[in-house]
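Here is the structure we will look at.
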Amino acid sequence: MAVMYVLLPAALLFAVAAVIVFAWAARSGQFDDLETPAYRILGEDDPSSAAPPQAPRASERGDAARPPRQDGRDRESLDVRDDP
């Protein structure tokens, strides 16, 4: 019976918090348009607006700050594996 003194107030606090969060979401417009996001994925994307991904430059990757290799090979000419 003593556990009821803990669980009942905890459940009531949880329910009040849920109602407050729901009221905040409803007032901020979270439930204004429920259909458009579902249909948005079916639309065609404009391929000219999507730029192809570009590889980062050596200065953006931080390779410029690395010391040169001991064997004299350039880091850009190596394979994915960097075996010494």
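Here is how the numbers come out for the structure above:
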{"read-out": "Projected label distance in nm at Glu44 and Val19, using a 7 Å step from Cα toward the beta-carbon", "value": "5.1 nm"}
{"read-out": "Distance in nm between pseudo-label sites at Phe31 and Met4 (7 Å out along the Cβ direction from Cα)", "value": "3.3 nm"}
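None of the figures in this text is laboratory data; all of them are computed from the coordinates on show. This structure is a prediction, so every number in the text was calculated from the model and none was measured. Don't worry about glycine lacking a Cβ; one is built from the backbone with ideal geometry, like all the others, and counts go over all protein chains shown.
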